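Since the structure comes first, as structure tokens, the remarks are kept for the end.
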Amino acid sequence: MDQERLKKLEKLKELDNPYPHKFEVDKFIEDIRQMFEKDPSGEEVCIKGKVKRVSKIDEGFLARVADQEGVEMLVITAHNLNQGEEYILKGKLVRYEGKLTLKDAEPSDNQAIDIKSLKEAYDFDPNFYQVRLAGRLVSLRSMGKAIFGHLQDATGKVQIYIKKDVVGDEKFKVFDDLFDLGDVIGVVGRLFRTSTGELTVEVQDFKMLAKSLHPLPEKWHGLKDVEVRYRQRYLDLISNEKARRITLLRSKLLSEIRKFLEERGFIEAETPVLQHIASGANAKPFITYHNYLEQNLYLRIAPELYLKRLIVGGFNRVYELGKNFRNEGVDTTHNPEFTMLEFYCAYWDYKDLMEFTQELFSHLLKKLVGSLKITYQNYTLDFTPPYKVYRYFDLLLEKTGKDKDFFIRHEKEVRKLAAELGIPKAQELTHAKLLDKIFDVLVEDELIGPAFVMDFPKLLSPLAKTHREDEDLVERFELFVAGKEIANAYTELNDPIEQRDRFLQQIKEKEMGDEEAMQMDEDFITALEYGMPPTAGEGIGIDRLVMLLADVDSIREVILFPALRQR
């Protein structure tokens, strides 16, 4: 705690209540911007102007360029432009820190539009529109009889302008002496644009809402310490615009998924997180103890078996968006607590789900990024249907020269191959685990996609229906993008006799040392004995999907509070 700030708080308490119960806010900052600023959405234009100032930023160089009338515009470019020289620059229009900006600018000889006309088309005159806003002070600059700063909420930033002549000498001194970066304040004022075109609130009154007793992270470059960012996510959200953008993107994604499914007749269900049996997926569970029931319970590894009970109960289209828990390692694509979408549709098979998945992804990309093409970690990914489709054993044949019979019927040779590939504990793994690890090592990283891999071995898929053309396979696919599994789906096994046999095989796998093998679920078998119609089901990893859309390579960037070791 900063002692100087604590003293300021004590002085504020003598003057006024700095922690009021309420402050009326009529709009968020983004709402104000939408009223008076047009979204440029990357339109390409050419401007002509003289370079007034150049500074180095992470993206290259940031230049202020002015036309003949002195109207200025920001330019982001890879070129170190010469101050005082005149250029014609071609680039894409974006908003950078709230200002209309030409991004990826390149020198050009095309015909240019003057900056004044361009800004008039995108930056509207607010005509002293009255506002009540609240947020956190993230910049302050005193200029004698005036103070400039920026107010930030989750939706954006806006400049504030506190003038002694407007608020009065006494209130101006209070602000100048007692307000700091990081304080949460409310302001009442009117909107105008500065000479540089920045939307600004001329403050007529202000109120301290919460005093920040710690200084904010380093002002210009945001919070860089990864450990602090994940442990104190609130500081990350204050400091890093990208972290806020990912959080909003995730929220919009979940909303769009729900809309898409419900418009197509799916109902949202909630199934138990505490379960008597760890089943529905191959994973090591977390175990807890219920005092009243006097028994162990498991945090669910998947909602699958409960959602299929709902299909038995007569609900033909069901889904759940929720948390699953798997007691596994932590890496760039795994967190022990993660979010999954699972949905099930009676009377469909896995080929119907392939079409449906492409329709879903097309909808999400158009709504969230405005295009079916995205850039992810230097890959250009095109989600325009149809996606590429591969068969599981065709990919292994291409990599090893070994066919399906080799992998299914020659376990000793498969074990030898796994050892040659350097797979850890190859002599101890079950046959199913060997296949899974070999495919992972040889194939997955090269599946840039988006691509479906279909027709998996039955050994790997205890809940999937036997393939209609091959007894060794099941009707299952996984969707891979940029070497990561994003979705897993299959025609569901609805024969209770065969399902029991598959569970018994899982018990054998567990006895052989596979901690991730499923447990027998007798009640689920009983449900199937009442009859489950032909059904197809799918799970989509929400965290990995957000990683793709946000172009980040670590799952910790898209989970607000990821699992970390205690200090």
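Some observations on this one:
- If you filter region 40-61 down to residues that are open to solvent by 40 Å² or more (accessible area, probe 1.4 Å) and closer than 14 Å to LYS92 by Cβ, you find that the one that is modelled with the highest pLDDT is GLU44.
Rundown of residues vs (1) acidic (Asp, Glu); (2) touching a His at 6+ places or on another chain (Cβ under 6 Å); (3) crowded, with 22+ Cβ neighbours inside 10 Å; (4) assigned to a loop (DSSP other than H, G, I, E, B), yes/no style:
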{"residue": "TYR490", "(1), (2), (3), (4)": "no, no, yes, no"}
{"residue": "ILE497", "(1), (2), (3), (4)": "no, no, no, no"}
{"residue": "LYS510", "(1), (2), (3), (4)": "no, no, no, no"}
{"residue": "GLU515", "(1), (2), (3), (4)": "yes, no, no, yes"}
{"residue": "GLN519", "(1), (2), (3), (4)": "no, no, no, yes"}
{"residue": "ASP523", "(1), (2), (3), (4)": "yes, no, no, no"}
{"residue": "PRO533", "(1), (2), (3), (4)": "no, no, no, yes"}
{"residue": "MET547", "(1), (2), (3), (4)": "no, no, yes, no"}
{"residue": "VAL552", "(1), (2), (3), (4)": "no, no, no, yes"}
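- For ASP104: the one exception among (1) surrounded by 16 or more Cβ atoms within 10 Å (Cβ to Cβ); (2) part of a loop (DSSP other than H, G, I, E, B): (2)
- Members of region 120-142 that are more than 27 Å from ASN240 (Cα to Cα) and either part of a helix (DSSP H, G or I) or in contact with a helix residue (DSSP H, G or I) (Cβ under 6 Å, 6 or more places away or on another chain) (or both): GLU120, ALA121, PHE124, PRO126
- Condition check for TYR234: in contact with a helix residue (DSSP H, G or I) (Cβ under 6 Å, 6 or more places away or on another chain) and either part of a loop (DSSP other than H, G, I, E, B) or not charged (D, E, K, R) (or both): no
- Remark: pairs (first residue in region 234-262, free of Cβ contacts under 8 Å to residues at least 12 places away in the same chain; second residue acidic (Asp, Glu) and surrounded by fewer than 18 Cβ atoms within 10 Å (Cβ to Cβ); Cβ separation under 8 Å; 6+ apart in sequence or on different chains) = GLU262/GLU268.
- If you filter region 151-169 down to residues that are within 25 Å of GLU97 (Cβ to Cβ) and of a type in the set (Gly, Ala, Ser), you find that the one that is least open to solvent (accessible area, probe 1.4 Å) is GLY156.
- Selected residue [modelled with pLDDT under 95, of a type outside the set (D, E, K, R) and buried (at least 16 other Cβ atoms within 10 Å of the Cβ)] from LEU473, LEU459: LEU459
- Selection within region 251-264 - touching a strand residue (DSSP E or B) at 6+ places or on another chain (Cβ under 9 Å), under 22 Å from TYR490 (Cβ atoms) and open to solvent by less than 50 Å² (accessible area, probe 1.4 Å): ILE257, LEU261
- Counted residues, region 91-107 - those being over 16 Å from THR200 (Cβ atoms) and not aliphatic (A, V, I, L, M): 8
- Cβ separations smaller than 9 Å between residues 6+ apart or across chains give the following pairs from region 354-365 residues that are surrounded by 15 or more Cβ atoms within 10 Å (Cβ to Cβ) to residues that are part of a helix (DSSP H, G or I) and of a type in the set (Lys, Arg): HIS363/LYS259.
The values are calculated or read from the model by the stated rules, or taken from the named source; none is laboratory data. Because the structure is a prediction, the values reported are computed rather than measured. So basically every Cβ, Gly included, is an ideal-geometry build from the backbone, and we count neighbours across all protein chains shown. These accessible areas exclude ligands, DNA and RNA; they are computed on the full protein's heavy atoms, side chains included. Shrake-Rupley method; radii C 1.70, N 1.55, O 1.52, S 1.80 Å.
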